[in-house]
Structure formats: structure tokens, C-alpha cells
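Novice: Please see the structure below; I have some questions.
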Amino acid sequence: MDFYSTTKETAGIELGVYMCGIIAILSSKPVTGRLVEGLSRLEYRGYDSAGVATVHENTIFRKRAEGKLQSLKNLLQEEPISGKLGIGHTRWATHGSATKRNAHPHKTDRVAVVHNGIIENYQLLKNELVNSGVQFQSDTDTEVVVHLIDQALQSGKTPEIAVTETLKKLEGAFALAIIFKENSNLLIGARKGSPLVLGIGENELFLGSDAWALAPWTQKICYLEEGDIVIMKHDIAFDYVILNEDGQPVTRSVRQLEQEVNVASKGGYSHFMLKEIFEQPKTLANTISSLIDEKNLKSLINLPIDFSNERLTLRLVACGTSYYASLTAKYWFEKYARILCEVDLASEFRYRDPVLGRNDICIFISQSGETSDTLAALNLAKSRGCETLAIVNVPESSMIRAADHHILTLAGPEIGVASTKAFSAQLAVLCLLALDIASKRKTIDDATMKEFLHELLEVPNLVAKVLQDVSVFDQLGLRLSCSRDVLFIGRGTNYPIALEGALKLKELTYIHAEAYAAGELKHGPIALVDKLTPLIAIAPKDSWFEKTASNIQEVASRGAPIIVLTDDANFNMSSSEFHKILLPTSSPFSACFIYTVAVQCVAYYTALHKGTDVDQPRNLAKSVTVE
Ligand code: AGP
């Protein structure tokens, strides 16, 4: 596989940002405290219960608690457990409600397991187990794994064989960490469809959902591959063997990562999301400068892809916020590179049997690089012979490994569940890619290219200007916090930014928010307009401004409160309630970044006034690894 990186290859942190979090430690020292610390580094993923289990004096001890990690910490204060071998888990409920009985680890007397993913054939397996007399303690799919291993152990199989045989019966996705009552020196891990990393410490070994969870104790990380089983033992020394899905010993490279251990800190901000909003001048500068030769104003993107084919179609595929970045890019690819660009939701693309062929280049955009719908869509495109490009924020993620080519966004680890700096970095990469293709296809001349690249190099400063005074967003947030419904509108590239603004408001404040193409409002949605439904218009003074102003007036005349984000200082209108947020003047390119940061701030401050959980909004996970 041509594993091609355009930007500086970094042995980065695999923040496989999954819904559940796994930590496991085999050590010469007590592990309970560090299991909990590891879980705290996985909290950002979103979860609703947590638990740990250890092996000590041939007994498995387990503690679990609903809700936030503090509940588990309190329980362990009252009822501590010991051991130099243990597993821990933060659970985002899929099968079975978010209760203690469904919290991991799941166990029998002989074996305990933590699991990330979904066992798709669990009902069949559960029925067989129940018919054989097994009594289930939970509603989870995971528990079938525990009982299958337990039954194999009872039949005299070794732990290694018991696990190997059990895994062959499972369908679906799993990352597992497994401990055994009789073996206080044995830890087994397995990966299929959910990431799992092996950490190599001093006289101890680790398993984690991502390398970052292990960062305080080791920088030596081995990324397990699909189908791998790792058997870790502490005899005289600490050692491990990795078996591939055929049961053959394999060697996987061990990487020495430069991990930002302190990325878990909020750096003085009240929320990770606020910190990441304010990081954008820096993260945009990192991403943009990694792709532009600033001295000669030339693109540094040089993908080994021939974009000259006149019959080429670009197909952008993504989910959520990344999908809105794709919708924005469609305008750039078609306007500047004159290349046909289709945009699909990954969850639709993978099931609509799309017409794909060798004239299609499929681009997959993802912060985590692990979203299952997007990953499945990527694999579908590959199976149809399409060339694939992944634009991803997490190095070493599954999409980076699966795609023919990749471009890294250099936003750094994004902890807030609501994506901010990763989105603006995606816009930067997509914008530069569109210009790079346009330049190669000669649909823009060199002078224009240099002008556009110069504009992009100015984007971090413009974004910094927006963030110089956020009091306007704070005041607007107070006003919006009492709303039940909010409408967003925009034209051209302002429309997908309006969509992103509506999503940010929805996911952070739980206020119902919808975005429409400004010209579309009168085709039905204007029926929603009333004096209780504020309208937020994304209206930079660009070629679409006059028409957008008319659409705003149509809404104002029906009594709706009007909020206009614009750089037109003179813009005004008579309406029952009118707010204008003045933003820096810029080119259409740069406006996307300016108004993106503005709508992020609107959502953040509204959530602050509403008192919702900004970093871990209800029901959400950082990346969606289930369908
Ligand atoms: C972003 O604010 C949302 N939390 C969500 O829509 C996210 O963008 C989506 O799940 C896609 O995630 P990805 O970029 O990691 O693939």
C-alpha cells in the first residue's frame, strides 16, 4: 500500500477517540490508582459509567460506579482493591442502559473483561449460553465474551487458548483486555475493529484505547493491528508476544512517541472546548504553514495523484462537523479547480450502492480517523478501485492506515467532544488542496494562486482578531440561552458554516437549531419564523451579501429577533430585536474561518449561560464507532 504522507510525518499520539475507554496494567507495583488515572485521561471520550478490576491473591476484585469517574474514586476510597494486575473501563452505553450492572469490567469468578466495540452476534451467543445454563448479570453484549472464555477455562483450556477460541466466535468490533483469577502475571489484549495499543514501561506493560491514556507512564507504544492478540506475562521479566489473526507470532514496530502529556490540562481555560477555540490561531498556523512554502508562495501538497483527467470526480465523504467541512470545500473545488465534487454523508454513502469507478477520487474527512461510518465508506471506495485520500487529525488512526494517501490536519489532540480546532484545520487543508489542484489544472494562474496563498497565511491573524474580544459572544449567549428554537442562514460557503453553527448550538446547548440556505427559507421553513425564534445570519460583505440581506429582511418583517454576523459596519435594519456582531473584513476564503470561530463562540457562551456540560454534552461521544 502506498502509504504517502504529505506533511511532516509525526509519530503522533493515536487518540483513537472512541466511545469507550480501556486501560490495563501488568506491573511490579500496585495498579489501582493508575488504572483510575488512566481512565481520567479517557474521560473526554464521553461515558456514563466506569469500573476497575484487579487480580490479587488468586481472586478477582471489582469496583464499578454509574456516572462520572468521581463516583468510582469515592467508592474505591471506601472499598479499596489491591493488585499488581488490573483492567479499567469508561463505558458509553450501547447495549444495556447506563447502570452499574452494565458497567465494565464484566466478570465471572475466573475471568474479567473490558471491551470497546459491539459484538454483533451477541444475541445468538447469549441464547446458546443461557440454554447451557449460564446466568447473565447484565444486558450487555460484552458479557458473552466473559462466559465463553469461562466455559473454555472450565473445560481445561489454557487462558491463551480459551481467548483465541472465543475470539473466533465473535462477529463485530472489539478491543479487549482480559485478566484471570489463576494468573496474576498474565494480561491478554485483542483488537478487531477498535484500536488498542500496547505500552512498554519499566518493569510493567500496559494496554490502552489510545497512547495518550498511557502517556504518564510510557512513550514506547506498539499499535496493534487488526486481528492481533497480545499475550503479556511477568515471569522473571516482563515480556509479550503478539499473534496475528492466524495465530502466528508477529512483530509490530514499537514507536517512541513525543507525547504531549499535559494536553490533558485545560491550560487555565474553564473548558477544553474554550482552550481549543483559542488554540486555533496557532493550530491553523501549524496546518497552513505545513502545506505552504511561505517564501515562494507555493503549495507543498504533492500527492501522487493525477488530477488532470477531465472526467475526474472528487467524492468527499464524512460525518457531522467533518461533513460540513466537506460541503464548504465543494464550493472551492468546483469554483477554483473546476472539478466536479460530490459530497456524501458516510452513513448514507456506505449503503446506497454508489456508482464509483476509476475516475473517482474519494476523500474522507475525519477528526478521529476512527468513525465507523466513514471508515466503512473508505473501505467500500477501495473495494471499487477508487483512489482514496484521508484528511485526518489523529496520526496512526485507522483511516490513515487504510487510505492510499493522507494529509494530516495539525490541530493536535482535540479533547472537547464538540469539534472546533479540528474543523478549522480541515477547512485549511481542503482549501489548500482545492487551490493546489486548481493550480495544477491551470484553472487559476500563478498570480492568483500566490494571492490566495497569501490570504490563507493571514487567516491565523484574522482568527486571532475575532478572539480578541469575546464579550460580544458572551452577551449574545446570554440572550440566546432562553431560546427554544434558533434558525441559521447563509449563502455560498456561508451556508455550510451556518450548518456547522446550528450543529454546535444543538450539541452544546440542546437548543433546537436548524440551518438553511438563505434562499431556501421562503420555500417552507419560513413558516417556522415567529417572534420567539431568533435568526442568526452568516453575512459577510461578499457577493452573496445583498441577497442574504433581503432574506434577513423577509424574516425580520415577520417579527423574529435578528442576529447578523457581518463585517459591514453600516448594516442595519428595523426589526423588533436586532443584534449585529462586527467581524473582520476578509476575502471569501478567509471569511469561512472567521465566521466558523464566531459561531463556535456563540455556541460556547450560550452553553455557558445554559449551564450544560460543555466538554461532554449529554448523549454525545467524541467519535462514533458504532452505526
Ligand atoms: C463534532 O462537533 C461532532 N461531535 C460530530 O459531529 C463529529 O464531527 C462526527 O462524529 C465526525 O467525527 P470525526 O470527524 O472524528 O469522523
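Derivation of every value follows stated rules applied to the coordinates shown; laboratory data play no part. Computed from a predicted structure; not experimentally measured. Here the Cβ positions follow ideal geometry from the backbone for every residue, glycine too, while neighbour counts run over all protein chains shown.
Novice: Which aspartates and glutamates, if any, have their Cα less than 20 Å from the Cα of residue 168, not counting same-chain residues under 8 positions apart?
Specialist: Qualifying aspartates and glutamates at Cα under 20 Å: 120, 128, 141, 143, 150, 160, 225, 226, 228, 245, 246.
Novice: I've got another one for you. So what are the ³J(HN,Hα) numbers for segment 520-534, from phi and the Karplus equation (6.51, -1.76, 1.60; θ = phi - 60°), rounded to whole Hz, Gly and Pro as x?
Specialist: Working through the residues one at a time gives 9, 3, 6, 8, x, x, 4, 5, 7, 6, 8, 6, 9, 10, x Hz.
Novice: What does the C-alpha gyration tensor say about the overall shape of the chain? Classify as rounded when a/c is under 1.5, otherwise prolate if a/b is larger than b/c, or oblate.
Specialist: Values: a/c = 2.09, a/b = 1.64, b/c = 1.27.
Because a/c hits 1.5 or more and a/b exceeds b/c, the chain counts as prolate.
Novice: For segment 456-522, with the dipole built from +1 on Lys and Arg beta-carbon atoms and -1 on Asp and Glu ones, taken about the Cα centre, which of 498, 519, 508 lies farthest toward the positive end?
Specialist: Result: 519.
Novice: I need to check one value: relative contact order of segment 501-553, counting alpha carbon pairs closer than 8 Å and at least 6 residues apart, in percent.
Specialist: 29 percent
Novice: From the backbone phi of segment 282-292, what are the Karplus-calculated ³J(HN,Hα) couplings (6.51 cos²θ - 1.76 cosθ + 1.60, θ = phi - 60°) in whole Hz, Gly and Pro given as x?
Specialist: 6, 5, 5, 4, 4, 5, 5, 6, 6, 10, 10
Novice: Based on Cβ point charges of +1 for Lys and Arg and -1 for Asp and Glu, what charge dipole magnitude is obtained for the chain about its Cα centre, in debye rounded to the nearest 20?
Specialist: In debye, rounded to 20, the chain gives about 680.
Novice: Moving on. Starting from the Cα of residue 442, draw a straight line to each of the lysines and keep only those under 27 Å, dropping any in the same chain fewer than 8 residues away.
Specialist: Within the straight-line cut-off, residue 442 pairs with 8, 295, 298, 330, 335, 450.
Novice: Okay, next question. Give me the dipole magnitude in Debye, nearest 20, for segment 482-608 about the Cα centre, with unit charges on the beta carbon: positive for Lys and Arg, negative for Asp and Glu. If you can, show how the numbers build up before the last one.
Specialist: Working: 10 positive and 12 negative charges, 20 e Å.
It works out to roughly 100 debye.
Novice: Step through the residues of segment 594-611 one at a time and calculate ³J(HN,Hα) from phi using the Karplus curve (6.51 cos²θ - 1.76 cosθ + 1.60, θ = phi - 60°), rounding each to whole Hz and writing x for Gly and Pro.
Specialist: 4, 6, 4, 5, 5, 5, 4, 5, 4, 5, 4, 6, 5, 5, 4, 6, 7, x
Novice: With a/c under 1.5 counting as rounded, go ahead and sort segment 176-254 into rounded, prolate or oblate using the C-alpha gyration tensor (a ≥ b ≥ c being the square roots of the eigenvalues; past the cut-off, prolate if a/b is larger than b/c, else oblate).
Specialist: Judged from the Cα gyration tensor, segment 176-254 comes out rounded (a/c under 1.5).
Novice: Relative to the present Cα-Cα distance, how much length would full extension add between residue 465 and residue 307 at 0.36 nm per residue of separation?
Specialist: Length gained, residue 465 through residue 307: 53.3 nm.
Novice: Expressed as a whole number of Å, what is the distance separating the alpha-carbon centroids of segment 64-140 and segment 406-439?
Specialist: That distance is 37 Å.
Novice: Angle check, please: helix 122-131 long axis (alpha carbons) against the longest principal axis of the chain (alpha carbons), in degrees 0 to 90, nearest 10.
Specialist: 30 degrees
Novice: So which of 84/126; 506/541; 275/610; 282/504; 580/622; 506/610 end up more than 24 Å apart, counting from Cα to Cα?
Specialist: From 84/126; 506/541; 275/610; 282/504; 580/622; 506/610, over 24 Å: 84/126; 506/541; 580/622.
Novice: Let me ask another. Would you compute, from DSSP H runs of 4+ residues alone, the mean residue ellipticity of the chain at 222 nm, taking -39500 (n - 2.57) per run and dividing by the full residue count, rounded to the nearest 500?
Specialist: Working: 17 runs with 210 residues, N = 627.
That calculation yields -10500 deg cm²/dmol at 222 nm.
Novice: Can you list residues from other chains, or at least 5 along the same chain, whose modelled amide H is less than 5 Å from the amide H of residue 391?
Specialist: 364, 365, 366, 407
Novice: Now, a different point. Restricting attention to segment 36-137, which trypsin sites (Lys or Arg not before Pro) occupy a DSSP loop and are surrounded by at most 10 other Cβ atoms within 10 Å?
Specialist: Numbers: sites: 41, 45, 62, 63, 64, 68, 73, 84, 91, 100, 101, 107, 110, 126; in loops: 41, 68, 84, 110.
When the trypsin sites (Lys or Arg not before Pro) of segment 36-137 are filtered for loop state and at most 10 Cβ neighbours within 10 Å, nothing remains.
Novice: Give me the dipole magnitude in Debye, nearest 20, for segment 259-384 about the Cα centre, with unit charges on the beta carbon: positive for Lys and Arg, negative for Asp and Glu. Write out the running numbers ahead of the final one.
Specialist: Values: 15 positive and 15 negative charges, 34 e Å.
Here the size comes out at about 160 debye.
Novice: Going by Cα centres, segment 146-199 and segment 574-627 are how many Å apart?
Specialist: Centre-to-centre (Cα) distance: 44 Å.
Novice: Hey, can you grab everything whose amide H is under 5 Å from the amide H of residue 578? Only 5+ residues off in sequence or another chain; H modelled, so Pro and N-termini drop out.
Specialist: 562
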